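Presented below is the structure to which this report refers.
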Amino acid sequence: ILVIPSCNPFSMNVSKRFWAMDGTDINRMFPGYDKGETTQRIAAALFEHIKDFKYGLQLASFYMSGDFVPHVRMLTTGYEDVKTACLFGLPFVTKRKPLPFDTTLLNYNWQIWGVKAFSVYAGKTNGIDKQSSNQTIEAILRMMTKTKIITARTTGVGYESEVFAEEQLVNVKAHQAGI
């Protein structure tokens, strides 16, 4: 199993999601191009080493800031593995039909190359929430235990994940804070 953070590791110290030189998102450069721009070459070199793993787990951040219920997200490519996604024991597993620009995502390309790929969202985009971070770590260990990647005494029971298509979601905006 390979776990990859979705942020650009070269931009972490400057709090930027995108490549500093040209503003590109390295997660939108897969499978890469070894003769292309810098981010395409990095993606190509990385993908060459990770394309044959059995499981691929991306610790993802959402493109919008906010707080989220920790969950697993997958693209519906025909290669997605919902059964294994439920083994994380997170409250929700969401599936989404890929849009044309999604074909350059790591998750999409992993699936096309036969990797069981999962994007795990851990609560916050612009910060660290200790409780949801711990829940995410337990979920990853739970999945790895249930798939026999590791042996662990206990990883907690977790949730019976509810699986749904992202297009079933409805945005609800409150006019003011509170209940």
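The values are calculated or read from the model by the stated rules, or taken from the named source; none is laboratory data. Keep in mind that what you see is a predicted model, and the values were worked out from it rather than measured. For neighbour counting, all protein chains shown are included, and Cβ atoms are generated from backbone atoms with ideal geometry for every residue, glycine included. Surface areas here come from the heavy atoms of the whole protein model, side chains and all, with no ligands, DNA or RNA. Shrake-Rupley method; radii C 1.70, N 1.55, O 1.52, S 1.80 Å.
In this structure TRP113 has an accessible area near 130 Å², from a 1.4 Å probe over the protein heavy atoms.
Over the chain, average the accessible area per residue using a 1.4 Å probe and give it in Å², no decimals.
Heavy-atom accessible area per residue stands at 63 Å².
Length gained on full extension, GLU162 to LYS148, computed as 0.36 nm times the residue gap minus the Cα-Cα distance: 2.7 nm. Rounded to the nearest whole Hz, the Karplus-based 3J(HN,Hα) values (6.51 cos²θ - 1.76 cosθ + 1.60, θ = phi - 60°) of region 31-39 follow the sequence x, x, 8, 5, 10, x, 5, 3, 5, with x at glycine and proline. I'd like to know which of ASN109, THR76, GLY66 lies farthest towards the positive end of the charge dipole of region 29-121, counting +1 on Cβ of Lys and Arg and -1 on Cβ of Asp and Glu. My answer, from the dipole projection, is THR76.
Summary value for region 36-121: 44 percent relative contact order, contacts being C-alpha pairs under 8 angstrom separated by 6+ residues.
Annotation: lysines with alpha-carbon distance below 27 angstrom to LYS35 (same-chain offsets under eight excluded): LYS16, LYS51. Charge dipole (Cα centre; +1 on Lys/Arg Cβ, -1 on Asp/Glu Cβ; no other charges) of region 138-179 amounts to roughly 300 debye.
Ordered from largest to smallest accessible area (heavy atoms of protein chains, 1.4 Å probe), the residues SER65, SER119, SER133 come out as SER65, SER133, SER119. Computed over protein heavy atoms with a 1.4 angstrom probe, the accessible surface ordering of MET143, MET21, MET29, largest first, is MET21, MET29, MET143.
Write out the GluC sites (Glu not before Pro) in region 96-163 meeting two conditions: DSSP loop, and at most 12 other Cβ atoms within 10 Å of their Cβ.
Sites meeting the loop and neighbour criteria: GLU160.
Only one residue of ILE137, PHE164, GLY178 has its Cα farthest out toward the positive end of the dipole of region 130-179, where Lys and Arg carry +1 and Asp and Glu -1 on Cβ, and that residue is ILE137.
Computed about the Cα centre, the dipole magnitude for region 100-169 is approximately 480 debye when only Lys and Arg (+1) and Asp and Glu (-1) carry charge, each at its Cβ.
Extension gain for GLU37 to LYS97 (0.36 nm times residue separation, less C-alpha to C-alpha distance): 18.8 nm. Take the Cα of ILE137, step 7 Å toward its Cβ, do the same at GLN176, and the gap between the two points is 4.1 nm. Toward the positive end of the charge dipole of the chain, with +1 on the Cβ of Lys and Arg and -1 on the Cβ of Asp and Glu, the farthest Cα among GLY23, THR147, PHE92 is that of THR147.
Only the Cβ atoms of Lys and Arg (+1) and of Asp and Glu (-1) were treated as charged; on that basis the dipole of the chain about its Cα centre amounts to roughly 300 debye.
Computed log10 I(q)/I(0) for the chain at 0.09, 0.13, 0.18 Å⁻¹: -0.33, -0.70, -1.29, from the Debye equation with unit scatterers placed on every C-alpha and solvent omitted.
Ordered by solvent-accessible area of protein heavy atoms (1.4 Å probe), largest first, the residues ILE150, ILE128 come out as ILE128, ILE150. The simple spin-label model puts a point 7 Å past each Cα toward its Cβ; for LEU169 and ILE128 those points are separated by 2.5 nm.
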